[in-house]
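Novice: Here's a structure for you.
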Amino acid sequence: MTTDAQTRPRELYAHRPGRATGGLVFRVGYADETLPTSGTTALVVALALRAVERPGLDVAASVGPTVTEVRVSGSEDRIRTTLRDLSRALADLPVRHRGTETRALRERATDGAVLPPWRYGLQGYGLGPGEYTGLYRATDEHLRAWARERFAGSNAVAWFTGETAPDLDIPLPDAMGAAALLPPPVHGLTQQLPADAPAGGTQVLWDALVPDVPAVAVLAEVARRALFKNLRHDRGWTYDVSTSVDVLDGEHVTLQIAAGLRGETAAAATGEFLDTWGRLRYAVDADELEAARAHLLVAFDEPHREAAWLPDDAVRTLLGRPVPTPAERRAAIAAVTAADVISLAHQAWDSGLLVAPVGQGWAGTSLITRGAGEPVPGRAFERIDADATIVVGDAGATLRDGRTRTTIRFDETAALLVYPDGGRLLVGLDGAQVPFEPTLHDDLSARGVAELVDPNLPAELVIPVPRQEAPERPGSDQIQRVEQARIERQVEEGTLTGSNREMAVAVGRLAFVILLGLVLLAGAGGTILCLATLMAWAGAWPDGPWEVPALVVPAGLVSAGVTWLCYRKIVRLGDAAGDGANR
């Protein structure tokens, strides 16, 4: 691609009196990235905005899965100037601010529920928003190349609403004849759905992947109204119920339905949320459907609807989708039937991910698993801080953590994070993680980790990541407790090997010797007691009863015999242990 040619982006205009608005929409988003390049689009936008930001300028930007938008409000002249300067900044990115803007992105990242990785893994649509791991290896040239390729004139649409159509000057570089980039296909992980996703947060949330059809907006509104009535109005168990519909590739959208939870009623509210939402798969009240449609159609009665829909028209144009007129949009919503809503609710349920902060299995669902492949054969390295073992082979690595197994194959790796102290974190495309910490192994050094793992992965998957210090080596008491826990588990599983088997045998032998010692003491005590009883009887002879020697003599002989046998067994065990040590 050359950088001296320029292609004017497609322009959309709609008349609307009053305050003007305008924007640029690019067919690029976090779904176009990989984990080693994650955050690139967001950083390019942040650097370009840095060049145009001014006090009082109303400008905003967002990075979605497949589309990046920049929107400006104000006078026509200010919008024209801002879009021109933004385009120039994208053509000649001010990378000198890379460090500052990178820190700002990480600081603004939210800690809420992050669902995309649970549906798509750490790839494509699963990388955002807020996934910035790749910025650790970002370079100035990489950022400039991304801006030239992805923020190009042929990959953009400009839109403007105002009194008159402006003469926009948008100098975006481009190769002649280039076409807009197609969005990546939507492919989720191979999981049984619906399923529980432990994504965190304080809301109960249902996330679904459904077709981009008019019935989506109607279903979202029907669900919102039903949940608001049952959870908020009738029971007072929540303060907020929300729904959202987000565009993916132009053919699919993400439908999310959420309700805030209060601690004392969280479990009951979660159950009612699922009951109410689930019932929409079977029946939709006619009055509720009509109310939902009426609510959505009110917006079409407002003036200048063409201007209101213009940003969405720009997105549809970029994604290669038909751009309906406001009248066509209205007719499509009015034509949605109860059968359409019920059918779509079935699809939304069958593709659902449930986030429930209280418990799991609410909808008969199972927890999404990561790293569930077959364990790989290879060399085993035991952790000293936990009952965990890492097995590394030519095909990948398996983490045996207690009774769980996590496997990442090298050909299904998203990235390898490399720490300054020599530690490594192997990250799978499905989000699974296998850590390599030399300080937590007696038989695995930093050099050994590099020799075992690094040659199996291409260099573009390696991300140098800073950290203040490596995990500390545990104390001897913790190491002993971990070893004992490992032995107990392996005894239950019948998987003792090597030194652990020898230790278990030694522990068993010691326990047997202690038992023999206790029996020996009991036998000796019994013998002495019988002898003392017999002597007391002899002192009282011939007046003593003859039943006493009849009972005491056999008991004493048995006790003496048990004592002798235990003594001989202990001596033989000691001799055997001595012979083993000499060998």
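Novice: Listed residues Val204, Val241; which is at pLDDT 90 or above and more than 17 Å from Leu353 (Cα to Cα)?
Specialist: Checking each option against the conditions leaves just Val241.
Novice: Out of everything in region 310-346 that is assigned to a loop (DSSP other than H, G, I, E, B) and open to solvent by less than 50 Å² (accessible area, probe 1.4 Å), what residue ends up being farthest from Val284 (Cα to Cα)?
Specialist: Step one: of region 310-346, the residues assigned to a loop (DSSP other than H, G, I, E, B) are 319-325, 335-337.
Pick out the ones that are also open to solvent by less than 50 Å² (accessible area, probe 1.4 Å) and you get 319, 324, 336.
Numbers: Leu319: 32, Pro324: 27, Val336: 12 Å.
So, considering only residues that are assigned to a loop (DSSP other than H, G, I, E, B) and open to solvent by less than 50 Å² (accessible area, probe 1.4 Å), the one farthest from Val284 (Cα to Cα) is Leu319.
Novice: For residues that are in contact (Cβ under 8 Å) with a residue 24 or more places away in the chain and assigned to a loop (DSSP other than H, G, I, E, B), scanning just region 370-384, find the one that is most open to solvent (accessible area, probe 1.4 Å).
Specialist: Result: Glu374.
The values are calculated or read from the model by the stated rules, or taken from the named source; none is laboratory data. Given the structure is predicted, the values throughout are model-derived calculations rather than measurements. Cβ: placed from backbone, ideal geometry, glycine included. Neighbour counts: every protein chain shown. Accessible surface is based on the protein model in full, side chains and every heavy atom, while ligands, DNA and RNA are left aside. Shrake-Rupley method; radii C 1.70, N 1.55, O 1.52, S 1.80 Å.
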